[in-house]
Structures are given as C-alpha cells and as structure tokens.
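Nothing in this text is a laboratory measurement; each read-out follows from the coordinates by a stated rule. Keep in mind that what you see is a predicted model, and the values were worked out from it rather than measured. Glycine gets a Cβ as well: all are built from the backbone with ideal geometry, and neighbour counts include every protein chain shown.
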Amino acid sequence: MRITLLLAFLSVLARGGQFEVVPGTRVPLSMINSVSTKHAAEGDRIYLETVFPILVRGKMVIPPGSYVAGTVTESKRPGRVRGRGELYVRFDSLTLPNGVTRDFRARMGSLDGRAAEELDKNEGKIKGEGNKSGDIQTIGQTAGAGAGIGTIAGSAAGHLGMGAGIGAAAGAAAGLMAVLLTRGPDAVLAKGTTLEMVLDRPIVFEDTELDFSGTPSFRKSSDGGGPLPSHKQQSQFPGRRWPL
C-alpha cells in the first residue's frame, strides 16, 4: 500500500514539470502567406502564426508569434459550368519563439467570418463561393447591351421592336458563352486571414522548454488584406476575363 501511494506521489511530481495542451484545444492563427486553388498543388506548404496565448494551469505554453506550418493535401479548381474550388489543408508542426518544435497533426476548426469561402468541418475542406448570381448578372448585362444595340440598328432600318429582340437574344447568347468559358471563383486563403486550428492529439512541453525571457516581443508578421471580398458583391461582366 505504501509503495502504491509513493508511486502515485512521484507520478504527480513528474507531471508537475510537464504541461499538456489537450486534444480539442483551439489555437487562433493568422495566415503569413496566401494560398489559392488557382496556383496551389498537393504538397504545397502554408505558413501561419499564433495570435493569442494558450495557457495550461496558468502558464503560457504557446505564446503569440509561435509559428505553425501546414500542407495542402488536395487542391481542386472550380469548373467552368459547375463545381466550386476546394482546398484541403492540414497542420503539421508548431515552433515556439524560443525554437522548441513539436510535430503533430491538426485540422481547421473555423474560418474568418469575413471570408466568402465556406469550411466543411467534418472533412476539413475549404470551398470557394458559388457564382450563380454572377452568371445570371452577366447574361442579363449582355442581353441588355445587345438589346440597346439592336434597338439602334432596328430604328435605323425601320424595325425597332425586331432589332431590340434580336439584339437581346444575341447578347444573352454571348453572355451564356462567357459563363460557359469562364471558371467560377477560386477558393482562397489570403494573407492575414484568421482561422482556428483544433488539436486532435496532446502536445506536451517540459517546464524547461517554456522559458521565453530571451525571445523578442510579439510583432505580428502576417498583416495583410485578409479575406478577399465576395464576388457576389461585384459586377461580373465589365471586368470579366477569359480563362487561362
């Protein structure tokens, strides 16, 4: 009995020198670089930094300014007729400001509320926004422009109504062709975008690894524009480009 109590006491003492960040802990991060389905490929790296301290038993174990590295595990561009851009991302390692590093695996738990992209939390998939309203707007704008041109031409030829109808039909056809030949919006994680990483396994630090007295004060290095504005809020036709 005494031996059992002694072992339990020694175990408590041993744990006292360790600090465990438990699974399920949410770590707020900010993007240092940008990644997009337009350019990203499987295996590309992403780089982030922590923006809020994580404490265990009142001790700071992950200070702001710690670095997190991740990997793009899959990138899918949006289709020309249907389908949305998709990014799959995982987090691989954490480096504290004093150089202490831990390898792990973690998933994304939430995405910047300003972002037009959507996050599928079950699959860890980031989906670009759809563009149906933009496609309808494009067709409507080209039809309207065609009707205007047709009206002018029909008026000159003495067939006002017929010219407007033919022009509208031609404009709608041109708009539909533009929609069919142009991809939808890419999924983008822009520099400065904030998100949360959710740990799926514990990360343990020794007390001696958590000395940050000689490290520089935190200065956010990921300042950027953050999430890109929604395409749905912008006119699609005037600045529309043919796909590469």
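Would you calculate the separation in nanometres between label points at Ser221 and Asn122, each defined as 7 Å from the Cα along the Cα-to-beta-carbon direction?
Computed distance between label sites Ser221 and Asn122 equals 3.8 nm.
Rounded to the nearest 0.05, what FRET efficiency do Asn33 and Thr208 give with R0 = 41 Å and r taken as the Cβ-Cβ distance? Could you check?
0.80
For each pair in Lys38/Lys125; Lys76/Lys220; Lys38/Lys220, compute the distance between the two Cα atoms and list the pairs where it is over 21 Å.
Lys76/Lys220; Lys38/Lys220
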